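Q: Encoded as structure tokens, here's the structure I'll be asking about.
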Amino acid sequence: QQQVKQSPQSLIVQKGGISIINCAYENTAFDYFPWYQQFPGKGPALLIAIRPDVSEKKEGRFTISFNKSAKQFSLHIMDSQPGDSATYFCAASKRDTGRRALTFGSGTRLQVQP
Amino acid sequence: EAGVAQSPRYKIIEKRQSVAFWCNPISGHATLYWYQQILGQGPKLLIQFQNNGVVDDSQLPKDRFSAERLKGVDSTLKIQPAKLEDSAVYLCASSLTDNEQFFGPGTRLTVL
């Protein structure tokens, strides 16, 4: 059962544009929603994360919007740059008897054209 | 601060052979994870350690996969015997806090 659905699978944006990636989750017990950025040949790196008690979190050009009732959250990259070209993964986790492993979405390959 | 180290970076084997991957987490991180990332997919948790004890191995194919974390530091993940569908990148991650996980560069396994 895929617990975190991510779209689109790939995205092409012009430099300076806004990149938007969407995720939906099923398990209402999830209480931590991070976004990871992965460059080719590298492991994923935490970009930004949000908890469900807030509807939005902004860090520089990156913003997470969170809709608890719809069980959806999205990543917005403002003023997208060629250096942002990477694969982005949304994820979710919940505390469960000492465990807090991440359930990842399937990833979005972002290409920012100069 | 040194990151999570993994070796080897690449490995090519034939099906039915065995293979082992090594991970050295960030110093002081008590929690260590092994993920499998199949091409075009997100990482999937295989096993989670807290110090040298297993917290979650529910998604580890135990008939062929095994993992250990001796002395609560380094960890090894072994596959024996390997199948074609085991071709993937194997990622090791560690964490100090309850949330942020730091990932290593991964080991790319190709099973022929």
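Q: For the range B:72-106, enumerate the residues that are farther than 17 Å from B:Val4 by Cα and part of a helix (DSSP H, G or I).
A: Scanning the range B:72-106 gives B:Leu84, B:Glu85, B:Asp86.
Q: Quick one: count up the residues across the range B:53-65 that are open to solvent by 60 Å² or more (accessible area, probe 1.4 Å) and not acidic (Asp, Glu).
A: 4
Q: Check A:Phe89, A:Phe104, A:Phe39, A:Phe62 and return the single one that is under 15 Å from the mean Cα position of the chain (by Cα) and more than 14 Å from chain B (Cβ to nearest Cβ).
A: A:Phe62
Q: Now a separate question. Does B:Phe103 qualify as being of a type in the set (Phe, Trp, Tyr), within 14 Å of chain A (Cβ to nearest Cβ) and touching a strand residue (DSSP E or B) at 6+ places or on another chain (Cβ under 7 Å)?
A: Yes.
Q: Cβ-Cβ below 9 Å, separation at least six or inter-chain, first residue in the range B:69-92 and under 19 Å from B:Pro43 (Cβ atoms) and among the acidic types (Asp, Glu), second open to solvent by 90 Å² or more (accessible area, probe 1.4 Å) and not in a strand (DSSP E or B): which pairs?
A: As it stands, the answer is B:Asp86/B:Lys15, since those pairs meet every condition given.
Q: Filter the range B:3-17 for residues that are open to solvent by less than 80 Å² (accessible area, probe 1.4 Å) and over 14 Å from B:Ala88 (Cα atoms) and give the result.
A: Residues satisfying the conditions are B:Gly3, B:Val4, B:Ala5, B:Gln6, B:Ser7.
Q: Could you please find all residues in the range B:27-52 being part of a loop (DSSP other than H, G, I, E, B), farther than 14 Å from B:Arg69 by Cβ and either away from chain A (no Cβ under 13 Å) or open to solvent by less than 80 Å² (accessible area, probe 1.4 Å) (or both)?
A: B:Ser27, B:Gly28, B:Ile38, B:Gly40, B:Gly42, B:Pro43
Q: Hand me the list of strands (runs of 3 or more DSSP E) wholly inside the range A:1-50 holding 2 or more residues that are polar (S, T, N, Q) and more than 17 Å from B:Gln101 (Cβ to Cβ).
A: Because the criterion is at least 2 residues that are polar (S, T, N, Q) and more than 17 Å from B:Gln101 (Cβ to Cβ), the strands (runs of 3 or more DSSP E) in the range A:1-50 that meet it are A:4-7, A:10-14, A:19-25.
The values are calculated or read from the model by the stated rules, or taken from the named source; none is laboratory data. All values derive from a computational prediction rather than experimental measurement. Please note: Cβ atoms are built from the backbone with ideal geometry, for glycine as well, and neighbour counts cover all protein chains shown. For accessibility, only protein heavy atoms count, side chains too; no ligands or nucleic acids. Shrake-Rupley method; radii C 1.70, N 1.55, O 1.52, S 1.80 Å.
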